[in-house]
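Each remark here refers to the structure printed beneath this line.
What follows draws every value from the coordinates through simple rules; no lab data is involved. What you see is a predicted model, and the numbers here were worked out from it, not measured in a lab. Quick reminder, even Gly has a Cβ in these numbers, built from the backbone with ideal geometry, and neighbours come from all protein chains shown.
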There are 2 protein chains.
Amino acid sequence: MHKKETVAVIGSGAVGSYYGGRLAEAGHDVRFLLRRDYHAVSHSGFNITSSDGDFALPRPSIFRTSEEIGKVDWIICALKATALYDGHRLLQPCVGKHTRILVLMNGLGLEDHFAGWFGRENIFGGMAFVCINRGRPGNIHHLGYGRVTIGHYLDQPDELEEALALWDGSKTDVVTAPSLLQARWEKLCWNIPFSGLCVAGGGITTDRILADHDLSLSAMALMQEVITAGNADLKAHNEKGRIKGYAMIDRMFKQTATMGDYRPSAMIDFVEGRAMEVEAIWGEPMKRAHALKVDTPKLNLLTAILRSLNRGR
Amino acid sequence: MHKKETVAVIGSGAVGSYYGGRLAEAGHDVRFLLRRDYHAVSHSGFNITSSDGDFALPRPSIFRTSEEIGKVDWIICALKATALYDGHRLLQPCVGKHTRILVLMNGLGLEDHFAGWFGRENIFGGMAFVCINRGRPGNIHHLGYGRVTIGHYLDQPDELEEALALWDGSKTDVVTAPSLLQARWEKLCWNIPFSGLCVAGGGITTDRILADHDLSLSAMALMQEVITAGNADLKAHNEKGRIKGYAMIDRMFKQTATMGDYRPSAMIDFVEGRAMEVEAIWGEPMKRAHALKVDTPKLNLLTAILRSLNRGR
C-alpha cells in the first residue's frame, strides 16, 4: 500500500463488505455505512470466508449515517441499482472536493447519474466478476472469482493509475479498462442473456442454460443483439473501440462453461423474492438500442418478461 | 337433436366433462372415461355451474376403461396435449369403421397423429374458446364464453354438416371452420402470445398484459411472427386462405379487452405446478416456422423459456 486513504463504503451488502473489507485488511481507513446490520456488526464484526483466504474485521469502523462518516478520499458505492436514486443523498455528506467515487454496481448508465450529481472528473465505474453471498449479518461468503475491472468516466489514464494505487497491496485482482462504456457493455454481453435466462427460465443456474439447446441458442441470439446495440452506442459516443462479436460470444460461453452451477445475483434475487436490477441491466440497454434504432426483438421480450416478474417487489 | 348418437368422452377434465355433459343433456348416449374421479362421480355425478345455465348429470355413464365403453359413433378426445401419445391406446377400443373423432385439444398438428392412427376421413379438430375450471371431482365451473369451432381434417363440407348435427339441440355454440389448419393457426395467434406471456410474466392474467406497454407490444410482435409462420404453413399446405394480419391483431386485442382478468389454461397449469402444453402450443408452431425458414426470434425465446419452466413437471 502506497498511502493510507480514507474510504467510505456506501451499500454494505456482500460486494461492498467484501471489497471494503479487503481494503481495510490492506491498511486503509475504511468506514462502512450500515443500517439493518449495524447492531450485529458492532457486536461481532465482519467475518469473511473467501476462496482467496478467510479474514475477519473484529472491530470495523461502522456508522449509521453518512454524516458521521464525513468526507473521505474514496467512496465505494455498492448500492443495489434499484436504490440508485438514494445515491445522491447517501453519498453527498462524504464528498469533498477531491473525493473519488467508484460506482461498484451492476448495469448501464449509472455513472451518468453520479457524474451529474458530483462532477465527471472523479467518477469511476467498477465491475466485479465475483461469486459472493451473504450469510448472517456480518458474514460474507466469497465462493470464487473476484476480479474487479475499473474504468474512469472520462477514460483518463492517470486517474486509472490512482484507482489501481488504492487497491495496491490488497488481496484483490484489479484491472483497468481503457473505455468504461465498452467495459460496461461487455459485462452486459454476459449479464443480459445469462442472468436474464436464469431468471425467466424459472430460477435456474447457468449450467442449465448451456445444457439446453434452445436456451443456449437464445442466449447467443440475445448476446448478438447486445453486441450490436453496444457497438452502436460506442459509435454514438465517439468511442474508438468496438466489441468483437464472434470473439466475445466465444469467450463468454467458454467462461460460463467454467462456472458450473453459478447463480447470478438477479437469479438469487428472483428466487428469494427480492427486487431485481431490471432497469439497470435490461431496461437501460434496451432504451439505448431503441434510441439508436437498433432492432432488439429478443431483448424487448426478455425485458418485458423480467419487468413483469419484478412487479410488486 | 336429429338422431341419438353414442359418444365416448376420452379425457374427462373440465372441457371434456362440460361438452360431453351438454351432449348428454341434449339426449345423446354419452360415455365418459374416468380414472382418478371415477369413484367420486359414481357417487355424486357431474354437477356443472354454467353461465349458460347450470345442470347436473346425477347418473352419467362412466367407465374405467375404453374397452368397457366399446365402439361408438363419435369420440370426443379432450386429453391434455401432454398426454397426446396416450391417445392411440385410449381411443382404439372405441373406434369402429364409421367412428368420427373430434380432437378437442389445444395446439397444432395433433390431428396429424390421430389421422395416422385411425385414418384421415373421420378426424375433426375442435377449438373451444371457453373459460372453465374444475372444482372438486365431478364439479365443473363454466365461467364464460363456450363457442366451439370445428374443422374437418380434409375440410369436407358434408363432414362438417355431420359435426354440426351432433351438437344440434345442445346448449352449445358450435361453428364450423372451412379450413382446419387455418383455424388452428388463428387460435394460436391468441394462445402463443397471450398464454405464453401470462406464464412467462410470472403467472399473470390477460388484463395485465394489456395494461403493460412492453408486454402488449411483445404480444403484438409475437402475434406477427405467428401470422407470418401460419401463412407460410398454409401456403405450404396449398391452402387458399390466409390469416389477415392487421385484422387478426385488431380482433384478438379487442377480444382480449373483453375478457377481464382471464387466466389461460397454461397459466393455471403453471401456477398450480402442472405440466403445460408447451410442445403443442409453442414447440410445434416454432418447428414448422423453422422448417419453412420463417424467422421467429421472439417465439424461439419464449418457447425456450416455457420449456425451461416446464422441466421436471
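What to note about this one:
- Overall form of region A:115-262 per C-alpha gyration tensor (a/c, 1.5; a/b vs b/c): oblate
- Percent of beta bridges antiparallel (DSSP, region A:1-107, rounded to nearest 5): 15 percent
- Shape annotation for region B:6-177: C-alpha extents along the principal axes are 39, 31, 29 Å, from largest to smallest.
- Nearest-ten-degree value, helix A:14-25 long axis tilted from longest Cα axis of chain A: 40 degrees
- Between helix A:245-257 and chain A: long-axis angle, C-alpha atoms, 0 to 90°, nearest 10: 60 degrees
- Global dimensions of region A:182-310 from alpha-carbon coordinates: Rg and Dmax equal 13.9, 41 Å.
- For region B:76-200, alpha-carbon Rg over 2.2 N^0.38 Å: 1.07
- Between helix A:297-310 and chain A: long-axis angle, C-alpha atoms, 0 to 90°, nearest 10: 50 degrees
- Greater than 29 Å apart at Cα, pairs in A:287/B:298; B:3/B:235; A:3/A:235: B:3/B:235; A:3/A:235
- Selection of trypsin sites (Lys or Arg not before Pro), region B:1-77, meeting DSSP coil and at most 13 other Cβ within 10 Å: B:3, B:4, B:35, B:36, B:64
- With its label point defined 7 Å out from Cα along the Cα-to-Cβ axis, residue A:291 lies at 4.5 nm from the matching points of the other copies, in increasing order.
- Cα Rg, Dmax (largest Cα-Cα span) when computed across chain B, Å: 18.8, 54
- Out of every Cα-Cα pair that the protein assembly as shown contains, those further apart than 38 angstrom amount to 44 percent.
- Length-normalised contact order for region B:178-306 - Cα pairs under 8 Å, 6+ apart - percent: 36 percent
- Spin-label proximity, residue B:155 to region B:234-255 - amide N less than 12 Å from point 7 Å beyond Cα toward beta carbon: B:234-243
- Other-copy label distances relative to residue A:220, 7 angstrom Cα-Cβ extension, nm: 3.2
- Amide H to amide H distances under 5 Å link residue B:144 with B:51, B:131, where only residues 5 or more positions off or on other chains count and H is placed in the peptide plane.
- Per-pair calculated FRET efficiency, R0 = 45 Å: residue B:54 and residue B:244 via Cβ, rounded to 0.05: 0.70
- Close amide-amide hydrogen proximity is noted between residue B:176 and B:150, each under 5 Å apart and 5 or more residues distant or on a separate chain (H modeled in the peptide plane; Pro and chain starts excluded).
- For the pair region A:231-305 / region B:201-240, the C-alpha centres are spaced 24 Å from each other.
- FRET efficiency for residue B:86 and residue A:113, using Cβ-Cβ distance with R0 set to 56 Å, rounded to 0.05: 0.45
- Helical content alone sets the calculated 222 nm signal of the protein assembly as shown at -12500 deg cm²/dmol, taking -39,500 (n - 2.57) per DSSP H segment of four or more residues and averaging over every residue.
- Per-copy distances of the residue A:119 label point, shortest first, in nm (7 angstrom along Cα→Cβ): 9.0
- Part-to-part distance (alpha-carbon centres) for region B:20-98 and region B:108-142, which is given in Å: 12 Å
- Volume per residue that the Cα convex hull of region A:58-126 spans, once the total is divided by residue count, Å³: 97 Å³
- When chain A is treated as a Gaussian network with alpha carbon springs shorter than 10 Å, the biggest mean-square fluctuation among A:106, A:133, A:191 belongs to A:133.
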